[in-house]
Amino acid sequence: MSLVVRGADAQTGQRGEKLLVQGDAARLRVWEGEPAGEVAPEHANSYEYLAYITAGALRVRLGDEEPADLQAGDSYRVPANVPYGFEVLERATVVEVVIGDAVNR
């Protein structure tokens, strides 16, 4: 496990995300230039993640909460096993910290 990952050396994940540095308990990844109109239907993951929107806008629905329209500078948390979904409202870049069992995948 490398302590430094240069941008040019970052690998691409299965769904197009850029895989950055990872530790024993967390992994940093970024979704760059996600196109407006992309929709992730409601689903749940076995891991928690924290997200920060650096560009663009999303509509995010977390659990039973009303959907929230979020934009650059906003952040959100998706707890493990909580259903969520999102729609990209404006071309977006989102940085995520994945915590839990997905770290070593």
(request) Scan the chain and report its longest stretch carrying no GluC sites (Glu not before Pro) that are both in a DSSP loop and have at most 15 other Cβ atoms within 10 Å. (result) 66-105
(request) Return the distance in nm (one decimal) between the two label points of a simple spin-label model at ARG77 and ARG59, each offset 7 Å from Cα along Cα→Cβ. (result) 2.6
(message) At 7 Å along Cα-to-Cβ for each site, give me the label-to-label distance between ARG6 and VAL39 in nm.
(response) 4.2
(request) Quick one: among GLN14, GLN71, GLN22, which has the greatest mean-square fluctuation in a GNM of the chain with alpha-carbon springs under 10 angstrom? (result) GLN14
(message) Explain nothing, just the number: relative contact order of the chain, from Cα pairs under 8 Å at least 6 residues apart, as a whole percent.
(response) 34
(message) Just to confirm the filter: which trypsin sites (Lys or Arg not before Pro) across the stretch 1-102 are DSSP coil and have at most 12 other Cβ within 10 angstrom of their Cβ?
(response) ARG6, ARG15
(message) Only four residue types carry charge here, +1 at the Cβ of Lys and Arg and -1 at the Cβ of Asp and Glu. Report the dipole size of the chain about the Cα centre in Debye, rounded to the nearest 20.
(response) 420
(message) Taking the beta-carbon count within 10 Å as an exposure proxy, list ILE53, ILE99 from fewest neighbours to most.
(response) ILE99, ILE53
(message) Taking a ≥ b ≥ c as the square roots of the Cα gyration tensor eigenvalues, with a/c under 1.5 meaning rounded and otherwise prolate when a/b beats b/c, else oblate, which class fits the chain?
(response) oblate
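The numbers here are math on the coordinates, done by the rules we state, and not lab data. The structure presented is a predicted model; accordingly, all values stated were derived computationally and were not measured. Because the Cβ atoms are built from the backbone with ideal geometry, glycine has one as well, and the counts that use them run over all protein chains shown.
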